[in-house]
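*Asks:* Below is the structure I would like to discuss, written out as structure tokens.
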């Protein structure tokens, strides 16, 4: 079963990437793997404080994931899996793609700011020539109806 890998973060465009991945998975019999990356620099404190911050970050991610997972299960019949990694976003995305041979497409949401599509999309497109899978970039301001019509 081919999986759509989508990155869960706090950006607005993440929502459209999630929708696209779930809709495509539902229509193609695939799965969705949701990857959340905790930046390593968040834990440059004493060990006890770092462990507490790491646990709080994981709880926040799992709560956020459950919102998307419930929608995917209830509306699309897709049961996503959650992967949490720590480190640099691009490095961890590439590592996850290499770690799971069932991942067939990376889905990213593009920001709508005048400054560009966002740092993750910019960095990943620079690395796209070395990726073993294609990247789908979903416009952050695309309507839900338009997403449904193209998937």
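The values are calculated or read from the model by the stated rules, or taken from the named source; none is laboratory data. Please read these numbers as outputs of a predicted model, since none were measured by experiment. Note: ideal-geometry Cβ built from the backbone for every residue, glycine included; neighbour counts use all protein chains shown.
*Asks:* Suppose we filter region 1-24 for residues that are over 11 Å from the mean Cα position of the chain (by Cα) and part of a strand (DSSP E or B); how many remain?
*Replies:* The qualifying residues number 1.
*Asks:* Further question on the same structure: Evaluate region 23-39: report whether one residue or more is surrounded by fewer than 22 Cβ atoms within 10 Å (Cβ to Cβ) and at pLDDT below 90.
*Replies:* yes
*Asks:* Something else about it: Any idea which of 90, 78, 6 is more than 18 Å from residue 108 (Cα to Cα) and touching a helix residue (DSSP H, G or I) at 6+ places or on another chain (Cβ under 7 Å)?
*Replies:* Unique residue meeting the criteria: 78.
*Asks:* Checking the structure you have, find out if any residue of region 123-134 is closer than 16 Å to residue 18 by Cβ and touching a helix residue (DSSP H, G or I) at 6+ places or on another chain (Cβ under 8 Å).
*Replies:* Taking every residue of region 123-134 in turn, none turns out to be closer than 16 Å to residue 18 by Cβ and touching a helix residue (DSSP H, G or I) at 6+ places or on another chain (Cβ under 8 Å).
*Asks:* While we're on this one: Only one of 27, 64 is assigned to a helix (DSSP H, G or I) and under 20 Å from residue 147 (Cα atoms). Can you tell me which?
*Replies:* The unique qualifying residue is 27.
*Asks:* Quick check on region 69-79. Is at least one of its residues within 24 Å of residue 119 (Cα to Cα) and touching a strand residue (DSSP E or B) at 6+ places or on another chain (Cβ under 7 Å)?
*Replies:* No, region 69-79 contains no residue that is within 24 Å of residue 119 (Cα to Cα) and touching a strand residue (DSSP E or B) at 6+ places or on another chain (Cβ under 7 Å).
*Asks:* Among the residues of region 54-75, write down those that are closer than 21 Å to residue 23 by Cα, touching a helix residue (DSSP H, G or I) at 6+ places or on another chain (Cβ under 8 Å) and surrounded by 15 or more Cβ atoms within 10 Å (Cβ to Cβ).
*Replies:* Correct list: 68, 71, 72.
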